[in-house]
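Scroll down for the structure; my scribbles are underneath it.
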Amino acid sequence: MKSPEEQLAILKRGSAQIISDDELLAKLRLGRPLNVKLGVDPTAPDIHLGFTVGLSKLRQFQDLGHQAILIIGDFTAMIGDPSGRSKARRQLTHDEVMANATTFKQQAFKILDPSRTKVVFNGEWFELMTFDSVMKLNAHVTLQQMLQREDFRKRLDAGEPVYLHEIQYPIMQGWDSVMIKADVELGGTDQLLNCHVGRSLQREEGQHEQVIFLLPLLEGLDGVNKMSKSLDNYVGVAEAPEMMFGKLMSIGDTLMARYYELLLCEPVPEIHPMEAKKQLAARLVARYHSEEAAQAARAEFEMRFSKKDLDHAELPSLALAGLPPDIVSVVVAAYAQCFQITKSRGDARRLVEQGSIQLRSEKVGDAKATPAMCAGDVLKLDKTRAVRLA
RNA sequence: GGGUAGAUACCGAAGUGGCCAAACGGGGCGGACUGUAAAUCCGCUGGCUUACGCCUUCGAUGGUUCGAAUCCAUCUCUGCCCA
């Protein structure tokens, strides 16, 4: 086992803020495995790369001999963490949440070591709480403290509603820390207040206060907002290798540097940016799938986009039989059948007229056209989608 | 509970009886250019239609009118102020 000082040095890499280094060092010196808490709300069925920043850090704690405690917020997910949000979340039903939690757990174990992870659901304690104990908890936190939060503040200033159940969220998250006797709580930088509430509740209960270990938030594919399912700027860890590779290749250079730092924990290599990005994409695909899948995804990507060789790429096929012969109808059918995307005829016509639609690498251009289409022909729909006719 | 202001397309925001499928900005999409990126430029952005045009849309429901996003009534939701 590494010395406390060595452990601290390793853990600090890639962190945003630790409250505090000294407290963490003191806890590491206790010589026992620390309870390291990471809370997740299964609001969506699968996790994305943004979330893996926390899981990877948790894994690092595990590798140093500590006890990982993954809290599945089956109860809190129904409220929805208001952190960083400009609107109240839709409340989920318990069934939805539990269904999400199942896949969630499987995916978390692509990163965590299952043999050293304790998984708990916070419904275990919250469902049993009585109203008077809820009131007692509330007595520990003031409205002013809650209003310090930037996201609530912003909503107030913008004249947006802030609901009382949302204000309960930090208190519930804090109580989780008490219930599992957390020594360290991991979270994104937007979790600062929530984690602090945990500390004060622990103090009230006569426990040692948890160390707050904050990690930077990973920006989503747009490079601006944090990665989130609801903004559709995410890369899911369960996504198909080609999809994952393609999404990662679409990011800008600045964001690439960020991903290197937060996901691979190293600087961008001093090579052509294009190659650096391919390596990033390949390594992440390898992490969540396999080395072979990563190489295949890269080869596929290069064939399709770099060499623009759609003829040999693997494409979904579209049966022409029974379709009207005009190009617009074929395009609409291709989106619907091969990609489950509903395009209006107007949209499809626009794509044709604007030159996005290509048949055998030639722009069609004329929405009225009824070009001869044969089995095996490649029909390009837009930047990322194409189908093979059959 | 009382007063008051508001609810417009993916988001923000104009429009206050016909010229409104609804300005403008953002976002999104397509094209050019590139490294498939970014930046830039051009175009598109309710549905059906080759087109003329037709249909549905401005919180909800009714009403006034030849004609309503715009006027009236009721309802729902939200902000702010007062209790």
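Looking at A:365, A:376, A:346, A:355, can you tell me which residue is free of Cβ contacts under 8 Å to residues at least 12 places away in the same chain and either within 31 Å of the chain's Cα centre (by Cα) or part of a loop (DSSP other than H, G, I, E, B) (or both)?
Details: A:365 fails: free of Cβ contacts under 8 Å to residues at least 12 places away in the same chain; A:376 fails: free of Cβ contacts under 8 Å to residues at least 12 places away in the same chain; A:346 fails: either within 31 Å of the chain's Cα centre (by Cα) or part of a loop (DSSP other than H, G, I, E, B) (or both).
Matching residue, one of A:365, A:376, A:346, A:355: A:355.
Determine whether the stretch A:177-199 contains at least one residue that is assigned to a helix (DSSP H, G or I), hydrophobic (A, V, I, L, M, F, W, C) and without any contact (Cβ under 8 Å) to a residue 12 or more places away in the chain. Can you show your working first?
First, pick out the residues of the stretch A:177-199 that are assigned to a helix (DSSP H, G or I): A:177-179, A:189-199.
Still in the running and hydrophobic (A, V, I, L, M, F, W, C): A:178-179, A:192-193, A:195, A:197.
From what is left, the residues that are without any contact (Cβ under 8 Å) to a residue 12 or more places away in the chain are none.
No, because not a single residue in the stretch A:177-199 is assigned to a helix (DSSP H, G or I), hydrophobic (A, V, I, L, M, F, W, C) and without any contact (Cβ under 8 Å) to a residue 12 or more places away in the chain.
Answer yes or no: is there a residue in the stretch A:137-154 that is within 13 Å of RNA strand B (Cβ to nearest atom), under 20 Å from residue A:75 (Cβ atoms) and open to solvent by less than 90 Å² (accessible area, probe 1.4 Å).
Step one: filter the stretch A:137-154 for residues within 13 Å of RNA strand B (Cβ to nearest atom), giving A:147, A:152-154.
From what's left, under 20 Å from residue A:75 (Cβ atoms): none.
Checked against the condition, which is being within 13 Å of RNA strand B (Cβ to nearest atom), under 20 Å from residue A:75 (Cβ atoms) and open to solvent by less than 90 Å² (accessible area, probe 1.4 Å), the stretch A:137-154 yields no hits at all.
Show the residue pairs meeting these rules: Cβ distance below 6 Å; 6+ apart or different chains; first residue within the stretch A:238-259 and under 18 Å from residue A:306 (Cα atoms); second residue β-branched (Val, Ile, Thr) and assigned to a helix (DSSP H, G or I).
What qualifies is A:241/A:285; A:244/A:285; A:245/A:285.
Per-residue answers, yes or no, for (1) assigned to a helix (DSSP H, G or I); (2) within 31 Å of the chain's Cα centre (by Cα):
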site: A:104; (1), (2): yes, yes
site: A:112; (1), (2): no, yes
site: A:115; (1), (2): yes, yes
site: A:119; (1), (2): no, yes
site: A:125; (1), (2): yes, yes
site: A:135; (1), (2): yes, no
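Would you check which residues across the stretch A:311-343 are touching a residue at least 12 places away in the same chain (Cβ under 8 Å), within 32 Å of the chain's Cα centre (by Cα) and assigned to a loop (DSSP other than H, G, I, E, B) and list them?
A:313, A:314, A:315, A:316, A:343
Name the one entry in A:345, A:304, A:349, A:385 that is surrounded by 14 or more Cβ atoms within 10 Å (Cβ to Cβ), modelled with pLDDT of 90 or more and either under 20 Å from residue A:243 (Cα atoms) or among the basic types (Lys, Arg) (or both).
After ruling out the rest, the residue left standing is A:349.
Just one of A:304, A:287 is closer than 18 Å to residue A:384 by Cβ and among the basic types (Lys, Arg); which is it? Explain how you work it out, then say what you get.
On the way: A:287 fails: closer than 18 Å to residue A:384 by Cβ.
The unique qualifying residue is A:304.
The values are calculated or read from the model by the stated rules, or taken from the named source; none is laboratory data. Keep in mind that this is a model prediction, so the values were computed, not measured. Backbone-built Cβ (ideal geometry, glycine too); neighbour counts: all protein chains shown. In case anyone asks, the SASA skips ligands and DNA or RNA and just uses the protein heavy atoms, side chains included. Shrake-Rupley method; radii C 1.70, N 1.55, O 1.52, S 1.80 Å.
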